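The values are calculated or read from the model by the stated rules, or taken from the named source; none is laboratory data. Note that this is a predicted model, so its numbers are computed, not measured. Counting neighbours? That spans all protein chains shown, and the Cβs are built from the backbone with ideal geometry, glycine included.
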């Protein structure tokens, strides 16, 4: 075969080989993308008052933000949504919960009642309000998991009031098959060094303990 013909065949062969190589890469990339789909994260909604809102602290110092950092470290597919509003009573919560439920809710943590106790409001009314809130949650999201954060009333209201108030939370948890945090402020309430000057709201160190109280129960729900 003439040299000119041999060169022509060589060039055509080289061109054909080069044109085949890029075709292998897109197929490999497509397979990799198909094998690693994005993880859909679920919402943990913390519905409460100033305790959840981290009163007088920056948002990242509150227990919900602390829990988010732990969840991220553990690479768990959850997002903590802080729906705390300072000063809210259980009656206020009933009026607000429908707005909060406009977003998807996979886990609902109910933290309300403390302001009712501070005002000495009737316990039966508080219990009905908390019940109505949970009814709304389950009606909108039947598969949503519930966590009830227990609270305690000031002792100056008398034994009957404080005992009935305390028992309200486990009774609600039992009715709704919810996980129960016996006392949200366990180890913090009544400890001056762990609270702001008002003696009611946890400070930075107190929030860390509250986060542990919540996590002890929440981790079993996730």
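Miscellaneous remarks
- Restricting 134, 180, 172 to those that are without any contact (Cβ under 8 Å) to a residue 40 or more places away in the chain, in contact with a strand residue (DSSP E or B) (Cβ under 9 Å, 6 or more places away or on another chain) and over 23 Å from residue 60 (Cα atoms) reduces the list to 180.
- Per-region count, region 141-170, residues closer than 16 Å to residue 122 by Cβ and over 21 Å from the mean Cα position of the chain (by Cα): 13
- Taking the criterion of being within 16 Å of the chain's Cα centre (by Cα), touching a residue at least 24 places away in the same chain (Cβ under 8 Å) and either in a loop (DSSP other than H, G, I, E, B) or farther than 26 Å from residue 155 by Cα (or both), the residues of region 88-131 that qualify are 97, 100, 101, 103, 104, 105, 106, 107, 108, 112.
- Residue in region 202-216 that is outside any helix (DSSP H, G or I), in contact with a strand residue (DSSP E or B) (Cβ under 9 Å, 6 or more places away or on another chain), surrounded by fewer than 17 Cβ atoms within 10 Å (Cβ to Cβ) and free of Cβ contacts under 8 Å to residues at least 40 places away in the same chain present: no
- Entirely in region 1-87, the helices (runs of 4 or more DSSP H) that have 1 or more residues that are surrounded by 11 or more Cβ atoms within 10 Å (Cβ to Cβ), modelled with pLDDT of 50 or more and touching a strand residue (DSSP E or B) at 6+ places or on another chain (Cβ under 6 Å): 50-53, 63-73
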